[in-house]
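Enquirer: Okay, here's the structure, questions in a sec.
The values are calculated or read from the model by the stated rules, or taken from the named source; none is laboratory data. From a predicted model like this one, the values you see are computed outputs, not experimental measurements. Glycine also receives a Cβ, built like all others from the backbone with ideal geometry; neighbour counts cover every protein chain displayed.
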């Protein structure tokens with residue numbers, strides 16, 4: 001064998017060894033990346049699930065209109081951030097994100113107003129119930145009523161309960 005053939009054979013053998021080592025390294029790198037991706041995905045899933053439980057516990061107590069308003073404000077914030085990132089490429093790329101953010105803020109404002117009106121109606125109903133209870137408080141009609149919490153009355157009492165009324 002000539003010297004050139006030996007050099008070419010050694011070069012091909014070295015190249016085959018390097019390719020084999022590179023392929024092995026590439027497989028190991030892919031396996032490590034896959035494991036890291038799985039670990040990252042599991043950690044992210046755990047964080048989202050835990051956060052979801054915390055948010056769900058707080059959000060389920062809130063009325064529908066308040067939950068919807070919050071969700072719309074969060075979506076508007078995400079769209080505004082997306083528009084800010086898009087504006088770094090070209091200013092016109094931010095227009096759809098800003099338009100979507102404005103739309104979601106308008107919807108959030110509508111639902112917030114609905115929630116405030118609903119809360120006002122409930123407060124008004126509670127105040128009316130308290131006022132009715134105070135206005136319709138029982139007035140003692142006789143000495144027996146005072147001592148028996150209204151259960152028994154004299155036969156001649158004018159304010160007897162219906163159960164004791166003559167038939």
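Enquirer: When you check residue 150 against the structure, is it surrounded by 14 or more Cβ atoms within 10 Å (Cβ to Cβ), at pLDDT below 85 and not assigned by TED's automatic domain parsing to the domain that holds residue 52, yes or no?
Expert: yes
Enquirer: Ok, one more. Being assigned to a helix (DSSP H, G or I) and touching a residue at least 12 places away in the same chain (Cβ under 8 Å) narrows it down to one residue among 94, 65; which is it?
Expert: Within the list 94, 65, the selection yields 65.
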